Amino acid sequence: MGWLFMRDMDGYATARSYLDNQFTYAHADHRLTVLASSMVGSTYYAACERIEASGARAVFAVVCLTKQSTGARDGCTFGYKDMTETMGPCESDCPAAILDELTETDSIYASEWRARCRANLVRRKLERAKPAPKPGQTIVFDEPSFQ
């Protein structure tokens, strides 16, 4: 699928609020509600609840790449490309709060995407836990053992 560009965000102040509105709607056969969303850089992540008229419920992830431009020649200042987790998006920095909302899935692509997101969360947590020396601080290493 391609990108959708527009001249403005229809009065919404942020890409997140605009996309939350786009993915919250009701039709005769189902309704979709954004339960949680977040912008990580220019990527939008959302947990969307779909309830069918029959009562069946599923919560899945939506990922949108976004672009904003003030100097576009055609006047289009905002664009997004939306996909679901079942498409196996490359972007895998979804926050844990959104992943925790999702229901079980049979999709291999979605399962692999969720696993990549969880692995990235663990990796970032470990990186933050590494000590960072401060300027002027002396670092003493253990003596190397030669055999």
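Please give the per residue accessible area of region 46-147, computed with a probe of 1.4 Å over protein heavy atoms only, in Å².
On a per-residue basis, 70 Å².
Any cysteines in the chain with zero other Cys Cβ atoms under 4.7 Å from their Cβ? List them, or say none.
Lone cysteines by the Cβ rule: C48, C64, C76, C90.
About the Cα centre, and with charges only on the beta carbon of Lys, Arg (+1) and Asp, Glu (-1), how big is the dipole of region 13-147? Nearest 20 debye, please.
460
I need the phi-derived Karplus couplings for region 41-47: 6.51 cos²θ - 1.76 cosθ + 1.60, θ = phi - 60°, integer Hz, Gly and Pro marked x.
Couplings: x, 9, 9, 9, 10, 8, 9 Hz.
Out of these labelled values of volume of the Cα convex hull per residue in Å³, (1) 134; (2) 216; (3) 101, which was calculated from the coordinates shown here?
Calculated volume of the Cα convex hull per residue in Å³: the matching label is (2).
Report the FRET efficiency, 1/(1 + (r/R0)^6), for Q137 and D100, where r is their Cβ-Cβ distance and R0 is 35 Å, rounded to 0.05.
Efficiency, rounded to the nearest 0.05: 0.40.
Using the Karplus equation 6.51 cos²θ - 1.76 cosθ + 1.60 (θ = phi - 60°), what ³J(HN,Hα) coupling, rounded to whole Hz, does each residue of region 98-106 give in order, writing x for Gly and Pro?
Result, ordered by residue: 7, 4, 5, 7, 6, 8, 4, 9, 9 Hz.
Taking a cut-off of 14 Å between Cα atoms, list the aspartates and glutamates near K125, but don't count ones fewer than 8 places away on the same chain.
In chain and number order, the partners are D93.
Give me the extension gain from T33 to A13: residue separation times 0.36 nm, minus the current Cα-Cα distance, reported in nm with one decimal.
5.2 nm
Quick one: with all protein chains in place, what share of the accessible area of the chain is carbon or sulfur, to the nearest percent (1.4 Å probe)?
For the chain, the apolar C and S fraction of the accessible surface comes to 54 percent.
Of G71, T103, T138, which is farthest along the charge dipole of region 68-141 in the positive direction, counting Lys and Arg as +1 and Asp and Glu as -1 at C-beta?
T138
Using θ = phi - 60° and the Karplus curve 6.51 cos²θ - 1.76 cosθ + 1.60, what whole-Hz ³J(HN,Hα) does each residue of region 9-22 get, with Gly and Pro shown as x?
9, 6, x, 7, 6, 10, 4, 4, 5, 5, 5, 4, 5, 5
The values are calculated or read from the model by the stated rules, or taken from the named source; none is laboratory data. The model shown is predicted, which means the values in this text are computed figures rather than measured ones. We place every Cβ from the backbone using ideal geometry, glycine too, and count neighbours over all the protein chains shown. Side chains included, ligands, DNA and RNA excluded: accessible areas come from the protein's heavy atoms. Shrake-Rupley method; radii C 1.70, N 1.55, O 1.52, S 1.80 Å.
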